[in-house]
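The values are calculated or read from the model by the stated rules, or taken from the named source; none is laboratory data. Source: prediction; values computed, not measured. As a convention, Cβ positions derive from the backbone with ideal geometry for all residues, glycine included, and neighbour counts pool all protein chains shown. Each accessible area value is taken on the protein alone, full model and side chains, heavy atoms only, with ligands, DNA and RNA left out. Shrake-Rupley method; radii C 1.70, N 1.55, O 1.52, S 1.80 Å.
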Amino acid sequence: MVVPVTYRDFLSNHSDFDRSCVEGSAFCSQFATTGLVKQNLRNGVPECNSTRGSFSLDMIASCDDLNYQWYVDVASVNKRVESTIKLTRNSSADLPLSYASESFFPLDGLGWNDQAYDGSGELHNFFFTSHVSIPFYHSTGVQNQTFEFAGDDDVWVFIDDRLVLDLGGVHGIVEGAVDIQTLGLGEGIYTMDIFHAERKPTGSNFKIYTNMQLCNHSLSSPPPPSSPPTAPPPTAPPPVS
């Protein structure tokens, strides 16, 4: 299953990217920082709640950065790149649909292409955000529907514009899961929005696992007509008297 992704590439000198990272300072947490964003999307993107969240120091330089730059096109700040990721199916797994990358560098050679060295001494583009939007069908008769994510850095998952997984902050690989049955959804088609940011070397991981009934994007809206409507035949002019 191929899923569209919107990336926005940033320069390493942006105030939220490639900040200094020494023990005891900001951007050096081994755990997710919760509370950076509010519980609901605003105009389709996360809204900053706090620059520190659950961490002791600022994880974001400014709420305006997150609100108006991370997932919004700003010509002088970021470059937008449209792409896709492919979810593969393993019918023998408990969560059969997956995408797993331990070297997640989709913007190498694209955007600003501002690069830094990874742990192996190779150059990669580490400074970007990602937005994946996936419609899915929720059936109240299907049990044990689960979505899992593992990776770095910030990840926020929203379903029906509501925050359901909060893995914010700059950190190593962290994992989180959503039990869809606990969300109180009725029968029907919903949208899951995954907002991600890769903000610092030296690793980049992005892993999705799910057994949800994901839909093609065309199923999230009414299908187009099979053929364009036919214009009515012209009306004959009245006879000349």
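Go through (1) 21.5, 68; (2) 21.7, 97; (3) 17.7, 52 and flag the label whose value is the computed Rg and Dmax of the Cα atoms in Å for this structure.
(2)
Compare the Cα positions of S133, G121, V164 along the charge dipole of the stretch 110-225 (+1 at Cβ of Lys, Arg; -1 at Cβ of Asp, Glu; about the Cα centre) and return the one farthest towards the positive end.
Toward the positive end, the furthest listed residue is S133.
Around Q213, which amide H atoms from residues at least 5 apart in sequence, or from another chain, sit under 5 Å from its own amide H, with H modelled in the peptide plane?
Y137
Might you tell me the accessible area per residue for the stretch 29-115, computed with a 1.4 Å probe and given in Å²?
Accessible area per residue, the stretch 29-115: 55 Å².
How many nm separate the modelled label positions at D73 and R89, each set 7 Å beyond the Cα in the direction of the Cβ?
Those two pseudo-labels are separated by 3.4 nm.
Calculated FRET efficiency, D179 and A116, Cβ-Cβ r, R0 35 Å, to nearest 0.05?
Working from the Cβ atoms, E equals 0.40.
Roughly how many debye, to the nearest 20, is the charge dipole of the chain about its Cα centre, given +1 on each Lys and Arg Cβ, -1 on each Asp and Glu Cβ, and no other charges?
600
At what distance in nm do the modelled label points of S139 and R80 sit from each other, each positioned 7 Å from its Cα along Cα→Cβ?
Inter-label distance under the simple model: 3.6 nm.
Calculate the FRET efficiency for V2 and L123 from the Cβ-Cβ distance with a Förster distance of 22 Å, rounded to the nearest 0.05.
Values: r = 28 Å, r/R0 = 1.27.
The formula returns an efficiency of 0.20 here.
If you take the charge dipole of the chain about its Cα centre, with +1 on Lys and Arg Cβ and -1 on Asp and Glu Cβ, which of S101, S76, V174 is farthest toward its positive end?
Farthest towards the positive end: S76.
Using a 1.4 angstrom probe on heavy atoms only, work out the carbon and sulfur share of the accessible area of the chain in %.
Numbers: 6080 of 12090 Å².
Looking at the chain in its full context, I get 50 percent from C and S.
Leaving out ligands, DNA and RNA but keeping every protein chain, what accessible area does S76 have, in Å² rounded to the nearest 10, with a 1.4 Å probe?
100
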